[in-house]
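Every number here is computed from the coordinates shown, using simple stated rules; none is lab data. The structure presented is a predicted model; accordingly, all values stated were derived computationally and were not measured. Positions of Cβ are backbone-derived with ideal geometry, glycine not excepted, and every protein chain shown enters the neighbour counts.
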Protein chains: 2
Amino acid sequence: MDIPVVENVLKLNDEIAAENRRRLGEAGVVCLNLVGSPGSGKTTLLEKTLDSLRGELRIGIITGDIATTRDAERLARFCDHVTQINTGGGCHLDANQVKQGMNNLPVEDLDLLIIENVGNLICPVGFDLGQDAKIGLFSVPEGEDKPAKHPRVVLESALLLLNKIDLLPHVPFSMDVFESDLRKLRDDVPVLKLSAVTGEGLDAWVDWVRQSSTTVKRDRAAATT
Amino acid sequence: MDIPVVENVLKLNDEIAAENRRRLGEAGVVCLNLVGSPGSGKTTLLEKTLDSLRGELRIGIITGDIATTRDAERLARFCDHVTQINTGGGCHLDANQVKQGMNNLPVEDLDLLIIENVGNLICPVGFDLGQDAKIGLFSVPEGEDKPAKHPRVVLESALLLLNKIDLLPHVPFSMDVFESDLRKLRDDVPVLKLSAVTGEGLDAWVDWVRQSSTTVKRDRAAATT
């Protein structure tokens with residue numbers, strides 16, 4: 001008796017995600033959904049990203065957390081269009097929460113909407129929010145085994161990031177294992193290594209964000225002609 | 001219509017958790033449920049713990065993961081009684097999985113059962129497994145804001161650990177914020193700081209495990225007289 005209910009929840013989520021996607025597409029907004037463990041560095045990465053792209057792209061942020069508004073406060077120092085969703089214990093953002101978050105933002109005046117999902121490498125991957133691309137974020141101190149243990153985020157992401165490479169000299173981490181596990185799952189996904197704290201590798205990520213904006217809009221235009 | 005179903009799932013879980021607790025109690029086994037983010041160092045901590053208590057306590061391990069048997073293989077080098085539960089995508093262990101795991105272990109010949117939950121700071125906290133105590137594990141590179149952002153693990157744990165203190169010189173981390181956020185939620189919970197990799201602070205944790213064995217058994221004896 002449980003399974004149909006779960007299916008309905010997911011079906012309803014997907015319907016609202018499709019609405020979000022349509023609204024964002026019509027407004028010409030590209031949407032990225034950033035997924036990573038608690039403390040993998042999502043907020044720090046977004047602070048640096050907002051700083052790099054200030055004046056170039058009009059960016060909005062929806063940031064999800066179980067409790068506190070700390071991430072939103074941090075990001076609001078770099079961006080006028082930040083909205084926080086407190087899930088009140090919920091382990092992921094769903095499409096309806098993002099829809100409500102979008103209602104707090106001037107969507108039609110944005111180029112890019114970045115969703116910082118709840119810190120969790122598991123549940124957020126299963127919920128479509130209406131994004132154009134999921135981005136999976138790993139970090140060095142989590143260890144080299146995370147791609148193998150969390151295959152779904154590897155399989156569903158358009159880009160994978162390995163953050164905190166400045167800690168490589170200080171922690172046990174086999175880059176060979178990380179890369180070979182990852183490539184067994186996906187040989188096509190780009191992987192960028194960076195440190196949001198030191199700035200190493202950040203330019204390549206910012207370039208990817210810039211280019212994904214262009215690519216998504218070109219693909220949308222091609223799809224409608 | 002959804003809420004009753006969710007309640008039933010949780011009710012069924014709690015019933016099986018009570019069965020697990022009864023079986024463990026009758027066998028004189030103390031059970032700890034270790035919860036932490038992916039890559040917070042749960043398996044490394046358990047490797048060191050098993051090594052320290054070898055020949056002193058008879059320990060069994062149930063380790064949960066979404067995919068791979070890597071943790072079980074690592075732990076089996078230090079312990080004869082390790083069983084792995086692959087959740088196949090599930091974000092937490094539930095009581096029925098632990099019941100099945102217990103059926104793979106010589107429960108009646110153990111002193112201590114340690115459950116290494118799925119790497120996730122959120123969902124595992126909500127499911128009673130039949131443990132005597134939950135232990136919440138944070139780690140330094142996750143940042144000082146994790147207690148405030150994950151209050152439930154703070155509120156429900158009998159002990160909190162802060163792992164990877166060897167990384168304090170290399171990452172931004174305010175111990176003052178970590179401690180004051182934590183104390184706002186709980187002024188009574190013990191907090192141990194350690195590095196499973198370097199071994200710093202490990203003795204205090206091993207002592208806590210030893211003492212909790214004694215305390216739980218004394219409390220059980222008191223409850224039945």
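Please report the relative contact order for the stretch B:1-157, taking Cα pairs under 8 Å with a sequence separation of at least 6, and give it as a percent rounded to a whole number.
36 percent
What dipole magnitude, in Debye to the nearest 20, does the stretch B:28-148 give about its Cα centre under +1 on Lys/Arg Cβ and -1 on Asp/Glu Cβ?
Rounded to the nearest 20 debye, it is 140 debye.
Please report B:Ser52, A:Ser40 as a ranked list, fewest other C-beta atoms within 10 angstrom at the top and most at the bottom.
Going from sparsest to densest Cβ surroundings: B:Ser52, A:Ser40.
Kindly give the distances from A:Asn103 to its copy-mates, label point to label point, with each label point 7 Å from Cα along Cα→Cβ, as nm values to one decimal ordered shortest first.
Result, one decimal in nm: 4.8.
Can you list the GluC sites (Glu not before Pro) in the stretch B:31-138 that are in a DSSP coil and have 16 or fewer other beta carbons within 10 angstrom?
B:Glu56
Output ³J(HN,Hα) for the stretch B:104-120: one whole-Hz value per residue in order, computed from phi by the Karplus curve 6.51 cos²θ - 1.76 cosθ + 1.60 with θ = phi - 60°, and x for Gly and Pro.
Each residue's phi maps through the Karplus curve to give 8, 10, x, 3, 5, 9, 9, 9, 9, 10, 10, 9, 8, 6, 4, x, 4 Hz.
Within chain A, what percent of beta bridges assigned by DSSP are antiparallel, to the nearest 5?
Looking only at bridges with both residues in chain A, the antiparallel portion is about 0 percent.
Which Cβ of chain A lies nearest the axis of the rotation superposing A onto B, and at what whole-Å distance?
A:Pro141, 2
Quick one: dipole size for chain A, taken about the Cα centre, charges +1 on Lys/Arg Cβ and -1 on Asp/Glu Cβ, in debye to the nearest 20.
The calculation lands at about 140 debye.
Residue by residue, what Karplus-based ³J(HN,Hα) values in Hz, rounded to whole numbers, does the stretch B:176-186 have, using 6.51, -1.76 and 1.60 with θ = phi - 60° and x for Gly and Pro?
Whole-Hz 3J(HN,Hα) from phi for the stretch B:176-186: 4, 5, 3, 6, 6, 4, 5, 6, 5, 7, 8.
Given H placed on each backbone N at 1.01 Å, which residues far from A:Ile85 in sequence or on other chains put an amide H within less than 5 Å of it?
A:Thr63, A:Gly64, A:Asp65
What are the nm distances, shortest first, from B:Gly89 to its equivalents in the other copies, labels at 7 Å along Cα→Cβ?
So the distances to the same position in the other copies read 2.5 nm.
Scale the Cα Rg of chain A by the rule-of-thumb value 2.2 N^0.38 Å and send over the ratio, two decimals.
In units of the globular-protein estimate, chain A measures up at 0.99.
At A:Val189, with labels set 7 Å past Cα in the Cβ direction, how many nm apart are the copies from this one, shortest first?
Once sorted, the set of distances for A:Val189 reads 3.2 nm.
What does the charge add up to near B:Val206, with Lys and Arg as +1, Asp and Glu as -1, over the other residues with Cβ less than 12 Å from its Cβ?
Every neighbour counted, the sum reads -1.
Over the stretch A:154-201, what number does the Rg to Rh ratio reach, with both radii from the alpha-carbon atoms and Rh per Kirkwood?
Reported Rg/Rh, Kirkwood definition of Rh: 0.99.
Can you pull out the trypsin sites (Lys or Arg not before Pro) in the stretch B:3-83 whose DSSP state is coil and whose Cβ has at most 12 other Cβ atoms within 10 Å?
Taking the stretch B:3-83 and a limit of 12 other Cβ atoms within 10 Å, the loop trypsin sites (Lys or Arg not before Pro) found are B:Arg54, B:Arg77.
For peptide A:139-150, compute the average count of partner chain beta-carbon atoms within 10 Å of each residue's beta-carbon.
6
Among B:Ile122, B:Gln100, B:Thr87, which residue has its Cα furthest toward the positive end of the charge dipole of the stretch B:46-154, with +1 on Lys/Arg Cβ and -1 on Asp/Glu Cβ?
B:Ile122
Rounded to the nearest 20 debye, what is the charge dipole size of the protein assembly as shown about its Cα centre when +1 sits on each Lys and Arg Cβ and -1 on each Asp and Glu Cβ?
Taking the Cα centre of the protein assembly as shown as origin, the dipole is about 0 debye.
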